[in-house]
Ligand SMILES: [Zn+2]
């Protein structure tokens, strides 16, 4: 039987060029996604406007207020053609594994720094999008450390120089994965897990975890909680309750290590988000780009200063 995800109809580069192969087409698409009801002036609400010839700027015929197509979006003040952005979104959302900033910059024909900036802005959109959704139903939960071996009999827990993150996968009654979320946390304390759960779990969720004490804090977010004490031996990773969470953690480590030479731990939240974003939309390859840009136009701009700082706890 063919794999449902791998053999679905994708969105080819030919189709992309056909739909968004000129700057004009990209501008029209962005305009329609941004103002599906037609443009109306943010100052006076008049729907009568004209477009400047030199730049994609709309001027109100009534009060002469000017508004740019990209202002107040992540494309704001960009000097790049929209087509470059759209192609970057296409490449990042269709790729099966991550695409490094270097590989992306080569594909786009831009400098490494520009490629880095585009990639991190787009990953930030993915992160904010998925952070706004709560997992529900049965949710498998686990503690993971980036930078250390996963589950060498739990030796990784609490080691210095490792970045802790929570891995959560919601599964259906048959145990098949629905959605996942991975967030860097300050540590595995009761307070931190409580904070995380209130942000990322639906209050009705039923959480299944191992015996790590802090996980019972999900109850403060209104969730049910079952902890399964595994004893720490090698058999613990084969328990069916944890099949998907363990598979997902293995996959994300393999994916990030395979695609990226080395990543700065402070940017780990975005790399985790990129992986989860693609996983959560694995059945919807065909309309990834319109959905992405629709969200991106409703998201505040992100200056480079913030992108470089980014100590972002999910
Ligand atoms: Zn106006």
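The values are calculated or read from the model by the stated rules, or taken from the named source; none is laboratory data. Since we're looking at a predicted model, the values are computed, not measured. Ideal geometry is used to build each Cβ from the backbone, glycine not excepted, and the neighbour counts take in all protein chains shown.
Numerical summary
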{"quantity": "Residue that is nearest to the ligand (Cβ to nearest atom), among those in the range 76-88 that are crowded, with 21+ Cβ neighbours inside 10 Å and under 19 Å from residue 298 (Cα atoms)", "calculated": "82"}
{"quantity": "Subset of the range 31-40 [part of a loop (DSSP other than H, G, I, E, B) and more than 10 Å from the ligand (Cβ to nearest atom)]", "calculated": "35, 36, 37, 38, 39"}
{"quantity": "All positions within the range 52-73 that are within 14 Å of the ligand (Cβ to nearest atom) and not in a loop (DSSP other than H, G, I, E, B)", "calculated": "57, 58, 59, 60, 66, 67"}
{"quantity": "Helices (runs of 4 or more DSSP H) contained in the range 76-135 and holding at least 2 residues within 12 Å of the chain's Cα centre (by Cα) and modelled with pLDDT under 90", "calculated": "112-131"}
{"quantity": "Residue selected from the range 158-171 under the condition over 17 Å from residue 270 (Cα atoms) and within 22 Å of the chain's Cα centre (by Cα), by the criterion modelled with the lowest pLDDT", "calculated": "171"}
{"quantity": "Residue pairs meeting the criteria (Cβ under 7 Å; at least 6 apart or on separate chains; first in contact (Cβ under 8 Å) with a residue 40 or more places away in the chain and under 22 Å from residue 20 (Cβ atoms), in the range 31-52; second assigned to a loop (DSSP other than H, G, I, E, B) and more than 14 Å from the ligand (Cβ to nearest atom))", "calculated": "33/297; 34/297"}
{"quantity": "Among residues of the range 41-51, those that are within 19 Å of residue 298 (Cα to Cα) and either more than 16 Å from the ligand (Cβ to nearest atom) or touching a strand residue (DSSP E or B) at 6+ places or on another chain (Cβ under 7 Å) (or both), counted", "calculated": "3"}
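Residues checked against (1) touching a strand residue (DSSP E or B) at 6+ places or on another chain (Cβ under 6 Å); (2) buried (at least 17 other Cβ atoms within 10 Å of the Cβ); (3) touching a residue at least 24 places away in the same chain (Cβ under 8 Å); (4) assigned to a helix (DSSP H, G or I):
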| position | (1), (2), (3), (4) |
| --- | --- |
| 244 | yes, yes, yes, yes |
| 252 | no, yes, yes, yes |
| 258 | no, no, yes, yes |
| 277 | no, yes, yes, yes |
| 283 | no, no, yes, no |
| 293 | no, yes, yes, yes |
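Residues checked against (1) out of contact with any helix residue (DSSP H, G or I) (no Cβ under 9 Å at 6 or more places or on another chain); (2) closer than 20 Å to residue 183 by Cβ; (3) surrounded by fewer than 21 Cβ atoms within 10 Å (Cβ to Cβ):
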| residue | (1), (2), (3) |
| --- | --- |
| 96 | no, no, yes |
| 100 | no, no, yes |
| 104 | no, no, no |
| 108 | no, no, yes |
| 114 | no, no, yes |
| 118 | no, no, no |
| 122 | no, yes, no |
| 129 | no, yes, yes |
| 134 | no, yes, yes |
